[in-house]
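Enquirer: Have a look at the structure that comes next, please.
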There are 2 protein chains.
Amino acid sequence: MSNLPTSVEFHEEGPREGFQMEPKTYPLADRAALIDALSLSGLRQIQVASFVSARAVPQMADTSELFAAIIKRPGTRYTALWLNDNGFERARACEQVDLDGKLMFYTTEPFSQRNNNCSVAEMRERQLGWLDRYIALGIPVEKAYVITAFGCNLGGAVPLSVLTDQVRWLVDACADRRVPLPAVYLADTMGWANPEEIKRRVGAVRAIVPEAQIGLHLHDTRGVGGANVYAALQMGVRLFDSSVAGLGGCPFAGHTHGGAAGNICTEDMVFMCQELGIETGIDLEALIEASLLAERVIGRTLSGHVMHSGSLKGFRAGQRMQEICGAVR
Amino acid sequence: MSNLPTSVEFHEEGPREGFQMEPKTYPLADRAALIDALSLSGLRQIQVASFVSARAVPQMADTSELFAAIIKRPGTRYTALWLNDNGFERARACEQVDLDGKLMFYTTEPFSQRNNNCSVAEMRERQLGWLDRYIALGIPVEKAYVITAFGCNLGGAVPLSVLTDQVRWLVDACADRRVPLPAVYLADTMGWANPEEIKRRVGAVRAIVPEAQIGLHLHDTRGVGGANVYAALQMGVRLFDSSVAGLGGCPFAGHTHGGAAGNICTEDMVFMCQELGIETGIDLEALIEASLLAERVIGRTLSGHVMHSGSLKGFRAGQRMQEICGAVR
């Protein structure tokens, strides 16, 4: 039967994924207020923004200033994304950033080219450089992401062996350097996963790195995100990336009708976990407030569900019945 | 381990659920075109509209005319909803309607009052009248719905015993009349279900009616609809009500922020089943065309996912890579 974990951790990616996707740049004060609202819900990790080229991604030009504007809450880590040396040096120079040593692997050539302008093999070799740099700087290696670990709109189906080969290579690289590898994340960047494939690939990766945690970075591109999380929970997965209100998406995914393709929605998945009796460490009502703030900031209806319907807390206690239905006996 | 069925059946409720919810009445020709597009996808059953009071629900005033306008496809059943004698007689008088003998039970007093203006016990007694009428008219009893089988925004938590009591009473009523009961549907009218509760309640009902099929009528109110379908599939459930593009909702649910609370989305769930290797009998590409038509008719972005991202058919074959990424080697 199922093997649900007793607790899970959601790492919030909404501020980076969401604002990066939007054509306009939102006021810094609004973005900082959203991050502060998110931290108040008890989230243990929030990816604030990217240190990337201001020319390529003008929405992320003021990442250092944004970090400076946040009211850092003890118990929350404030992380950032970087894709190259320059971005990493900017992140290091920003003392508010909680540096997390991360690695990144691709599974298909066209997406590797599109996203990082290099081949899958070149990207892999570059990770040796990152590994050595983290070690030299005393930054613990925390996790490695395998991007499009389930399939890729640009490169097509991804055989399981491509995924496991990357993970095996990574395990060897860490072993050579005698550094532990705490977590391997499988990213379903373009919504190819299904619940049975989640189980199959989590199981296969776990067999290679039994001592590491498996994390999932899922997008709800095809409406299967929640089912994928449930399948992962059944496999005992305890680490999930997610986005408040379902913010975000993949700008290079090339979806057929250009529609929403955000990450799995943090508050919907927190709601599900709480209903399943799984500890999240998060105040769902505070998180819903943050998601409603995200909607006001972005200025359009966002795709989250529980933010619009409300949690079951008030309904369960029966007080809503009085308000809504007072005249009915 | 999982016990996924080899085939499932989706009964389309979008035309009734969707157009009933909208404040305006859409042109009959548009509604008929949507139903025709849906039937072309291979759906085995489509609930076309309601025979209800034109004063209370003006959007459903022309249900007979709508039935007359449809191009009926062999292999698809075209059903209707009625809530009282008058509605049933109108449905009977409309020769295009495929009458399905159905019963309806409530679990909480306030929602029974709000929806049917009677108590839970009165509603139960009324079902005896329906049973006898179906028998007298030679209409096979097909299914019984237990509304808010998981919980109710108006009435609060629904103990499992309330659900099982209704089902036991129903089984006795059918046994007394020596009529079989082919299916019992659990309706999560207001999005209270979670995957483990789906398993628990499906299992409990199946223990009472092992010879009946269990069906689920799920709403994706709190973002857990897909996970609930997957949990049901793991229990071997093969019957699902759903709505194209996620149309619909419950007008009396009294959600906190008034947002979307549609049914589970037909094409997203068909996509998931197909990815899981489960037969649906549906042409997903044709169904996506129907969902895009629904969006054009309704005139705003609907909540379905795969209708916007596209299925994996083209991506898997790799041809999209050429189109999107031709310049990349």
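Any read-out appearing in this document is the output of simple, stated calculations on the displayed coordinates, not a laboratory observation. Since we're looking at a predicted model, the values are computed, not measured. Quick reminder, even Gly has a Cβ in these numbers, built from the backbone with ideal geometry, and neighbours come from all protein chains shown.
Enquirer: If you count the DSSP beta bridges with both ends in chain A, what percent of them are antiparallel, to the nearest 5? Please list the in-between numbers first.
Expert: Details: 3 of 35 bridges.
The antiparallel fraction comes to roughly 10 percent.
Enquirer: Using alpha carbons only, how many degrees (0 to 90, rounded to 10) separate the axis of helix B:28-40 from the longest principal axis of chain B?
Expert: Helix B:28-40 and the main axis of chain B meet at about 80 degrees.
Enquirer: Inter-copy label distances at B:Gly299, 7 Å along the Cα→beta-carbon direction, one decimal in nm, shortest first?
Expert: Reported distances to equivalent positions: 2.3 nm.
Enquirer: I'd like to compare B:19-25, B:301-307, B:160-166: which one has the highest average count of other Cβ atoms within 10 Å, and what's the full order after that?
Expert: Going from most to least packed, we get B:301-307, B:160-166, B:19-25.
Enquirer: While we're here: For peptide A:215-225, compute the average count of partner chain beta-carbon atoms within 10 Å of each residue's beta-carbon.
Expert: Numbers: counts 0, 0, 0, 0, 2, 5, 5, 15, 20, 12, 5.
That average works out to 6.
Enquirer: Taking the DSSP beta bridges in the stretch A:6-163 as the whole, what percent of them are antiparallel, to the nearest 5?
Expert: So the antiparallel bridges in the stretch A:6-163 amount to around 15 percent.
Enquirer: Once you average over the residues of B:190-199, how many Cβ atoms of partner chains fall within 10 Å of each Cβ?
Expert: On the way: counts 3, 6, 4, 1, 9, 12, 8, 2, 0, 2.
Partner Cβ neighbours, averaged per residue: 5.
Enquirer: Using the crude model of +1 on Lys and Arg Cβ and -1 on Asp and Glu Cβ, and no other charge, please compute the dipole size for chain B relative to its Cα centre, in debye to 20.
Expert: Dipole size: approximately 220 debye.
Enquirer: Test of understanding: express the Cα radius of gyration of the stretch B:114-163 as a ratio to 2.2 N^0.38 Å, with N the residue count.
Expert: 1.36
Enquirer: Given the protein assembly as shown, what percent of its DSSP beta bridges are antiparallel, to the nearest 5?
Expert: Numbers: 6 of 70 bridges.
Roughly 10 percent of the DSSP beta bridges within the protein assembly as shown come out antiparallel.
Enquirer: Also, I was wondering about something else. I need the inter-copy label distances for B:Arg178: point set 7 Å along Cα to C-beta, values in nm with one decimal, smallest first.
Expert: Copy-to-copy label distances for B:Arg178: 8.5 nm.
Enquirer: When a footprinting reagent is the concern and you count Cβ atoms within 10 Å, what order do B:Trp169, B:Trp192 take, fewest first? Don't skip to the answer; put the middle values down first.
Expert: Details: B:Trp169 14, B:Trp192 24.
Lowest to highest Cβ neighbour count: B:Trp169, B:Trp192.
Enquirer: Right, another one. How far is B:Leu28 from itself in the other copies, in nm, if each label sits 7 Å out from Cα along the Cα-Cβ line, shortest first?
Expert: Copy-to-copy label distances at B:Leu28, shortest first: 6.2 nm.
Enquirer: In deg cm²/dmol and to the nearest 500, what is the mean residue ellipticity at 222 nm of chain B if only DSSP H runs of at least 4 residues count, each as -39500 (n - 2.57), divided by the residue total?
Expert: Value at 222 nm, helices only, nearest 500: -13000 deg cm²/dmol.
Enquirer: If you rank A:Thr108, B:Thr63 by fewest surrounding Cβ atoms within 10 Å, what's the result? Working shown, then result.
Expert: Details: A:Thr108 21, B:Thr63 27.
Ascending Cβ contact count within 10 Å gives the list A:Thr108, B:Thr63.
Enquirer: Something else now. Past the 27 angstrom mark, what percentage of all C-alpha to C-alpha distances in the stretch A:37-170 do you count?
Expert: On the way: 2443 of 8911 pairs.
The proportion of pairs with Cα distances above 27 Å equals 27 percent.
Enquirer: Now a separate question. If you take every residue apart from B:Gly223 with its C-beta less than 10 Å away from the C-beta of B:Gly223, what net charge results, scoring Lys and Arg +1 and Asp and Glu -1?
Expert: Details: positive: B:Arg222; negative: A:Asp220, A:Glu267, A:Asp268, B:Asp220.
Neighbour charge sum, excluding B:Gly223 itself: -3.
Enquirer: Okay, next question. Which three extents, in angstrom, do the Cα atoms of the stretch A:41-120 have along their principal axes, listed largest first?
Expert: So the three principal-axis extents are 41, 25, 20 Å.
Enquirer: Which of B:Glu109, A:Glu12 has the fewest other C-beta atoms within 10 Å, and how do the rest follow up to the most?
Expert: B:Glu109, A:Glu12
Enquirer: Averaged over peptide A:265-272, how many Cβ atoms belonging to another chain are found within 10 Å of each residue's Cβ?
Expert: 3
Enquirer: If amide H atoms are built 1.01 Å from N in the plane of the peptide, which residues on other chains or at least 5 residues away come under 5 Å of the amide H of A:Leu218?
Expert: Those lying under 5 Å, H to H, from A:Leu218 are A:Asp188, A:Asp241, A:Ile264.
Enquirer: Sticking with this structure for a sec: Relative contact order for the stretch B:9-325: what is it in percent, counting Cα pairs under 8 Å that are at least 6 residues apart?
Expert: Contact order relative to length: 19 percent.
Enquirer: Rg/Rh for the protein assembly as shown: what does it come to with C-alpha atoms and Rh from Kirkwood? Numbers along the way, then the final one.
Expert: On the way: Rg = 25.6 Å, Rh = 25.8 Å.
Rounded to two decimals, Rg/Rh equals 0.99.
Enquirer: Report, ordered by chain and residue number, the lysines lying within cross-link reach of A:Lys199, taken as a straight Cα distance under 23 Å and ignoring same-chain residues fewer than 8 apart.
Expert: Hits, sequence-local ones excluded: A:Lys143, B:Lys199, B:Lys313.
Enquirer: What is the ratio of the Cα radius of gyration of chain A to 2.2 N^0.38 Å, with N the residue count, to two decimals? Spell out each step's value before the answer.
Expert: Numbers: Rg = 19.7 Å, N = 329, 2.2 N^0.38 = 19.9 Å.
Normalised by 2.2 N^0.38 Å, the Cα Rg of chain A equals 0.99.
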